[in-house]
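Asker: Attaching a single structure in structure tokens format; questions to follow.
The values are calculated or read from the model by the stated rules, or taken from the named source; none is laboratory data. Bear in mind the structure is a predicted one, so any value in this text is a computation, not a measurement. For neighbour counting, all protein chains shown are included, and Cβ atoms are generated from backbone atoms with ideal geometry for every residue, glycine included.
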Amino acid sequence: MTDSIISVRIDKKMHEHMRKIEHINWSAIIRKNVQQYLEQLQDEEKFDKVRAERASQDMDRIRNSKVFDGGKTGVEIIREWRDKRKF
């Protein structure tokens, strides 16, 4: 594996604070956090794609079921279902 170099711009105050703490390998911390962030993004992308596909299929299934063909508004349908849940 070959390494690449990137530059990160930080403000002077942060840089001064980091220089005072000499025992910390800031490059390693930044690498680790970038890696974790990339893994998180990858997980979110997979999750969102699956959820979006399911939601789309559910919307199509509900639309094709003709459940909303009674001439009722969305508010009326929600109220009806909420009333049915009450015991």
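Asker: State all residues of region 5-36 that are among the basic types (Lys, Arg) and part of a helix (DSSP H, G or I); if no residue qualifies, say none.
Answerer: Answer for region 5-36, where residues must be among the basic types (Lys, Arg) and part of a helix (DSSP H, G or I): 12, 13, 19, 20, 31, 32.
Asker: Here's another thing I want to ask about it. With the checklist (1) aromatic (Phe, Trp, Tyr); (2) in a helix (DSSP H, G or I); (3) modelled with pLDDT under 90; (4) surrounded by 10 or more Cβ atoms within 10 Å (Cβ to Cβ) in hand, flag the one item residue 81 doesn't pass.
Answerer: Evaluating residue 81 over (1) aromatic (Phe, Trp, Tyr); (2) in a helix (DSSP H, G or I); (3) modelled with pLDDT under 90; (4) surrounded by 10 or more Cβ atoms within 10 Å (Cβ to Cβ) leaves (4) as the failure.
Asker: For region 66-74, indicate whether the set of residues that are in a helix (DSSP H, G or I) and farther than 30 Å from residue 10 by Cβ is non-empty.
Answerer: Yes, that holds for at least one residue.
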